[in-house]
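Worksheet for the structure shown next.
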Amino acid sequence: MKKDKKQLKEAVKYFKSDSVYQKLFLEFKKKYESLGRVAGSVSLKAFTHEEMAVLAEFMGMRLDQLVEKNKLTLLQFEKQLTLYRFGEIDLKDLLEVYFNQPLISNSEQRENKLHQKNKYFNDLKNKFHLIRDWLAYIESNPADAHWIHRLIDGSFEQFETYTIHLNKSIDSLPDKPVRLPVFAQHITSNPHAFDRNEVLGRLLIHLLTFKLGEKMLVPSSSEEISELLFSFNILRDDITNYVTVVNLLAETESDKDKLWQAASDSNSVLNIPIRELFHVQSLHSNNSRKEVWVVENSGVFSSLLEEVPNAPLICTHGQFKLAAWKVFDLLVESDHILHYASDLDPEGIGMAYRLLNRYPENVKLWKMDKSSYHNSISDNDTISEARLNQLSNFNHPLLTEVSNVMLERKLPGYQEALLDEMIEDLKNKM
């Protein structure tokens, strides 16, 4: 049909005189966007009796007929435009002038957005060379990047601001440890920009995970995030992130090894923050056995030390922090064996699993077998199904038997019940 601007102008003026057409045309617009053409029908269920009367009059129908049909086709309305008084007018043209915007089908909108997004990614990759490979990975839309695509779809401009900071971050990665707030201040002028709960902080974690070149398992726990950042010489906390040790000797860059020697001579306990471990070049037990015993409970640690004061012991105080991993790394580099014991529950099994996988040749489980589990079971406590389900993630031959029994009994085992056996083991070793 030939467009007539005068007729269109008159038609728009007429239809804007009654709000019922605004309501109807919004439905027509949605239908066109869905189908990509003037076709189909719209429901009139949401229209009042008075609104239906206005539409029936325009359509040249009895009100009862329209009420019975309870719908209106787009082609039927377009035909009525010509029969009414507006001449040959396209419904699409009318809607575009009425809403003062072009009508584009949903499929066309998706294609246009995809084209814009592809161009956007190409521009970013050409602009930010240091993170080009990461941007290409994001563009491929893997599951771990869906949330990043939602960010991009929300605002191209805002995400480009993030990429400016991320590109600068990679260009400015420190060659010696720097605290995270100091690094954030240098990159963004905001010391909290890379905090874990900030979008830019989450993006940095994703980017650094990608840069490691390993499996894309983005860390979620505080300990894992700290370890990831530290692998790039960025520290979240270097004071309260500590591990407790006794009867270990250190070789350091300065005379700080005298502190370790003095503590070992008197069997004194050291709480060592990660800050002090930067100076340590190697760690050793205070005897020739090259064996160290690791527990995660401070009460168990103290009880063992009281009975066997010369035993090389480490206490992690629950989940492994960065300081604990650093101590483990140093000991393994010196060919030490780590004897690990923890509560026999899903969390303890998970910690043992991580140790066994990280140091397969240097970790031996201590009092974490089926027999120890039976001897340490607490009948006053239960393990929830949600916690038991975690055991399926810890598939290791040394943990299978005790995990299966735990799944059957649904009860935790506690280290305190095994203290006498543990003390006897250590006395026989020392």
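Values computed for the structure shown
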| item | result |
| --- | --- |
| The range 90-148: number of residues that are under 35 Å from the mean Cα position of the chain (by Cα) and not in a helix (DSSP H, G or I) | 5 |
| Criterion: touching a Ser or Thr at 6+ places or on another chain (Cβ under 7 Å) and of a type in the set (K, R) - qualifying residue of K370, K326, K410 | K410 |
| Residue within the range 368-382 that is touching a Lys or Arg at 6+ places or on another chain (Cβ under 6 Å) and at pLDDT below 95 present | yes |
| Subset of the range 342-363 (residues that are closer than 19 Å to M422 by Cα and among the polar types (S, T, N, Q)) | S342 |
| Complete set of residues in the range 123-149 that are of a type in the set (A, V, I, L, M, F, W, C) and open to solvent by 40 Å² or more (accessible area, probe 1.4 Å) | L130, A136, A143, W147 |
| Only one of A324, A311 that is within 34 Å of the chain's Cα centre (by Cα) and open to solvent by less than 10 Å² (accessible area, probe 1.4 Å) | A324 |
| Matching residues in the range 269-289 - criterion: being touching a strand residue (DSSP E or B) at 6+ places or on another chain (Cβ under 8 Å) and farther than 22 Å from L322 by Cα | N286 |
| In the range 103-161, the residues that are of a type in the set (A, V, I, L, M) and under 30 Å from D93 (Cβ atoms) | L103, I104, L114 |
| Residue ranges of strands (runs of 3 or more DSSP E) in the range 163-275 with at least 3 members in contact (Cβ under 8 Å) with a residue 24 or more places away in the chain, within 16 Å of the chain's Cα centre (by Cα) and loosely packed, with under 14 Cβ neighbours inside 10 Å | none |
| Index of the failed condition, K71 passing every other in (1) open to solvent by less than 80 Å² (accessible area, probe 1.4 Å); (2) in contact with a strand residue (DSSP E or B) (Cβ under 9 Å, 6 or more places away or on another chain); (3) on the phi < 0 side of the Ramachandran plot; (4) of a type outside the set (V, I, T) | (1) |
| Failed condition for Y120, given (1) under 30 Å from N167 (Cβ atoms); (2) open to solvent by 50 Å² or more (accessible area, probe 1.4 Å); (3) at pLDDT 90 or above | (2) |
| Counted residues, the range 97-108 - those being open to solvent by 60 Å² or more (accessible area, probe 1.4 Å) and either touching a strand residue (DSSP E or B) at 6+ places or on another chain (Cβ under 9 Å) or in contact (Cβ under 8 Å) with a residue 40 or more places away in the chain (or both) | 2 |
| Hits in the range 377-406 - residues which are farther than 25 Å from R358 by Cα and open to solvent by 60 Å² or more (accessible area, probe 1.4 Å) | D379, N380, T382, E385, A386 |
| Hey, N233 within 30 Å of S264 (Cα to Cα) and modelled with pLDDT of 95 or more or not | no |
| Hits in the range 12-60 (condition: assigned to a loop (DSSP other than H, G, I, E, B), polar (S, T, N, Q) and farther than 19 Å from I89 by Cα) | T48 |
| Candidate set: the range 68-89, residues that are more than 15 Å from L24 (Cα to Cα) and free of Cβ contacts under 8 Å to residues at least 40 places away in the same chain; chosen: the one nearest to the chain's Cα centre (by Cα) | K69 |
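The values are calculated or read from the model by the stated rules, or taken from the named source; none is laboratory data. Since the structure is predicted, the reported quantities are computational estimates derived from the model, not experimental observations. Don't worry about glycine lacking a Cβ; one is built from the backbone with ideal geometry, like all the others, and counts go over all protein chains shown. Remember, those area values only see protein heavy atoms, side chains included, never the ligands or the DNA or RNA. Shrake-Rupley method; radii C 1.70, N 1.55, O 1.52, S 1.80 Å.
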